[in-house]
Amino acid sequence: MLKGLRALVTGGGSGIGRAIADELLAAGASVMTCDANPATNPDVVADVSDTSDVDKIFAQVAKQLGGLDLLVNNVGVPGPTAAVQDTDPDEFDRCVRINLGSAFRCTRLAVPMLRERKGSIVNISSTAGIFGYPLRSGYVAAKWGVIGMTKTWAMELGAEGIRVNAICPGSVGGGRMDGVIEREAATLGLSKETLRRGYEKQVSMGSFIDASDIGKTVVYLASPAARFVSGQILSVDGNTETLRADF
């Protein structure tokens, strides 16, 4: 389906990013990954919140792939878990710089490459980008920002044939979500099991999703089947009703 397509997945060493890379590879794409954690064995070890590291990534893209047809801005960190009055401003800033700033830094260098083949961009936001989310100010600020940039870039780049969309994952089963639940449970004085059940109750379908579900949606958005899909925000979440946990 995607034979000949050249893709860069940021944060592609583990979790959702790894699942996206795997689904793209299975669809026939050539994929390069970057990640700040060398233990995940990415193609490039880099911090995408650092401008000089992003320069290094795109130099490697040009060398390894010879161009770019798809950019997946996936990098993200959970950020601090605390009420606003208890949130460390430096941790808030770090969360926004990584989750929002990295998408900007990568996109500004990707656009000249994407122009050549009328490529596309998929930004990974979150259901926290369309709902309020208590105790997660930094994460919410960044993920709402990703939605705004998606809409703006779709308008800026549409005339050049470049499509820009965002995916909003819900609660994805795995280590990262386990960590979120553990920290929130400690902050709220609840058991992890109680909080997990609360997250499941937020969703109409009553279940967490798999990272592969996000990967498959990226494959669709990168495919000819989505050639006129741009500026769209696709929730892959079983229909989140709220992010205020029902205990």
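Only one entry in Ser223, Ser235 is under 30 Å from Val111 (Cβ atoms) and buried (at least 18 other Cβ atoms within 10 Å of the Cβ), namely Ser235. Going by the conditions given, is Thr127 in contact with an Asp or Glu (Cβ under 6 Å, 6 or more places away or on another chain), of a type outside the set (A, V, I, L, M, F, W, C) and under 29 Å from Phe208 (Cα atoms)? So Thr127 passes the test. Which of the residues belonging to segment 26-77 are out of contact with any Asp or Glu (no Cβ under 7 Å at 6 or more places or on another chain) and hydroxyl-bearing (Ser, Thr, Tyr)? Listed by number, the residues that qualify are Ser30, Thr40, Ser49, Thr51, Ser52. Considering (1) touching a residue at least 12 places away in the same chain (Cβ under 8 Å); (2) closer than 27 Å to Lys56 by Cβ, the lone condition that Arg108 does not fulfil carries the number (1). Please tell me if Leu195 is under 21 Å from Leu135 (Cα atoms), in contact with a Leu (Cβ under 8 Å, 6 or more places away or on another chain), part of a helix (DSSP H, G or I) and not acidic (Asp, Glu). Spelling it out, Leu195 is indeed under 21 Å from Leu135 (Cα atoms), in contact with a Leu (Cβ under 8 Å, 6 or more places away or on another chain), part of a helix (DSSP H, G or I) and not acidic (Asp, Glu). One residue is enough: does segment 120-128 have a residue meeting the conditions more than 30 Å from Ala62 (Cβ to Cβ) and not in a loop (DSSP other than H, G, I, E, B)? Within segment 120-128, one or more residues are more than 30 Å from Ala62 (Cβ to Cβ) and not in a loop (DSSP other than H, G, I, E, B). Evaluating Gly158 against the criteria (1) buried (at least 17 other Cβ atoms within 10 Å of the Cβ); (2) touching a residue at least 60 places away in the same chain (Cβ under 8 Å); (3) part of a helix (DSSP H, G or I); (4) of a type outside the set (Asp, Glu) leaves one unmet condition, (1). Only one entry of Val164, Val218 meets the criterion of being assigned by TED's automatic domain parsing to the domain that holds Pro112, in a strand (DSSP E or B) and over 28 Å from Ala82 (Cα atoms), and that entry is Val164. Only one entry in Glu193, Glu182 is at pLDDT below 95 and farther than 20 Å from Ser126 by Cβ, namely Glu193. Each residue in segment 118-128 was checked for being free of Cβ contacts under 8 Å to residues at least 60 places away in the same chain and either under 11 Å from Met149 (Cβ atoms) or surrounded by fewer than 20 Cβ atoms within 10 Å (Cβ to Cβ) (or both), and 3 pass.
The values are calculated or read from the model by the stated rules, or taken from the named source; none is laboratory data. Please read these numbers as outputs of a predicted model, since none were measured by experiment. Please note: Cβ atoms are built from the backbone with ideal geometry, for glycine as well, and neighbour counts cover all protein chains shown.
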